[in-house]
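Worksheet: one structure, shown below.
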Amino acid sequence: MTTPALHNPIVVIPARLAATRLPNKPLAMIAGAPMIVHVWRRAVAAGAGPVVVACGDAAIADVIEREGGRAVLTDPALPTGSDRIHAAVTLLDPERAHDAVVNVQGDMPMLDPRAIGIALAALAETGADIATLAAEIADPVMLFELSVNKVAAGFADPARPARALYFSKAAVPWGAGPHYEHIGLYAYRRGSLDRFVGLPRGVLEQRERLEQLRALEAGMHIAVSLIDLAWLGVQVDTPDDLARALALMEQ
């Protein structure tokens, strides 16, 4: 079977103000700029393709456009980032010139731009529907933190992508050996993104509250590549995370 090539990716950053744990999160100031601007700059630095911020609120679009970036307004009621990026790409590219879509979450202000290229390379190399990232969990305490999502994948060669078999908030798999934290950056084939957002919510997705399980339950292939956790920096979900990001970036 020939692996479908990728020719024209687009990077989309979903963002909205109504975050439960940290309201107005995209506009939180870090080292002199709103967090969403830091994420946009890092996505642009990846050089993977055009970068668009899919905004649930006009205030986010305003700060991106003042920086010279491109933003598109989407329905603020959309339930997930995947729905938001799909809506944005459908509006921007009705001719379907972009054959791959990278979802970079808007709360990764310290993301190493190389991570985007690694996800796209895995998508191209494996022929998967979706590619994502993971990092080895070095701190055993983190293995049992429910805020740390885990992925089970059999990395015969840590330098090559592996197939995701399960995602969980629990410590999976059982037994001695490395465990991996899932990093929520996704690269989708365009048709796979269309299919994914059209699927009903899965039983396991609802139980674990992990959207990516919807794809696995539907038989979609998710490839996972390992990166160093330092490439993520701090993912900002809470006020404590924001304080850590502020301290690190102001250094």
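Derivation of every value follows stated rules applied to the coordinates shown; laboratory data play no part. Keep in mind it's a predicted model, so treat the numbers as computed, not measured. Glycine gets a Cβ as well: all are built from the backbone with ideal geometry, and neighbour counts include every protein chain shown.
Under 5 Å between amide hydrogens, built in the peptide plane, is the criterion, and for VAL234 it picks out MET110 among residues at least 5 positions away or on other chains.
Listed by Cβ neighbour count within 10 Å, with the fewest neighbours leading, ARG209, ARG190 appear as ARG209, ARG190.
The GNM of the chain, with springs linking C-alpha atoms under 10 angstrom apart, assigns the highest mean-square fluctuation among ILE227, ILE85, ILE36 to ILE227. Plainly put, the range 105-251 has a radius of gyration that is 0.96 times its Kirkwood radius, both from alpha-carbon atoms, as the Rg/Rh ratio.
Taken along the Cα-to-beta-carbon direction at a fixed 7 Å, the label points for ALA176 and ARG114 span 3.2 nm. Kirkwood-type hydrodynamic radius, the range 1-56: 13.0 Å, calculated from all non-identical alpha-carbon pairs. For the listed peptides 160-170, 17-27, 177-187, a ranking on the average number of other beta carbons within 10 Å per residue, highest first, reads 177-187, 160-170, 17-27. Taking 7 Å steps out from each Cα toward its Cβ at ALA230 and ARG244 produces label points 1.6 nm apart. Within the listed set LEU146, LEU111, LEU213, the Gaussian network model of the chain (springs between alpha-carbon atoms below 10 Å) gives the highest mean-square fluctuation for LEU146.
Restricting the trypsin sites (Lys or Arg not before Pro) of the range 69-111 to loop positions (DSSP other than H, G, I, E, B) with no more than 13 neighbouring Cβ atoms within 10 Å leaves ARG96. Give me the log10 of I(q) over I(0) for the chain at q = 0.08, 0.09, 0.17 Å⁻¹, as the Debye formula computes it from C-alpha points; what are the numbers? Ignoring solvent entirely, the Cα scatterers give -0.28, -0.36, -1.43.
Spacing of the modelled spin labels on VAL203 and HIS221, each 7 Å from Cα toward Cβ, amounts to 2.6 nm. With the cut-off at under 19 Å, measuring from each backbone N in the range 35-53 to a point 7 Å along the Cα-to-Cβ line of ALA59 picks out 35-40, 53. 3J(HN,Hα) along the range 143-159, derived from phi through the Karplus expression 6.51 cos²θ - 1.76 cosθ + 1.60 where θ = phi - 60°, amounts to 4, 10, 7, 5, 6, 9, 7, 10, 10, 9, 8, x, 7, 5, 10, x, 7 Hz, with x in place of Gly and Pro.
Note that the range 128-135 has calculated 3J(HN,Hα) couplings of 5, 6, 9, 10, 9, 10, 8, 9 Hz, one per residue in order, obtained from phi through the Karplus relation 6.51 cos²θ - 1.76 cosθ + 1.60 (θ = phi - 60°); glycine and proline are x.
Amide H to amide H distances under 5 Å link ILE10 with ALA100, VAL101, VAL102, where only residues 5 or more positions off or on other chains count and H is placed in the peptide plane.
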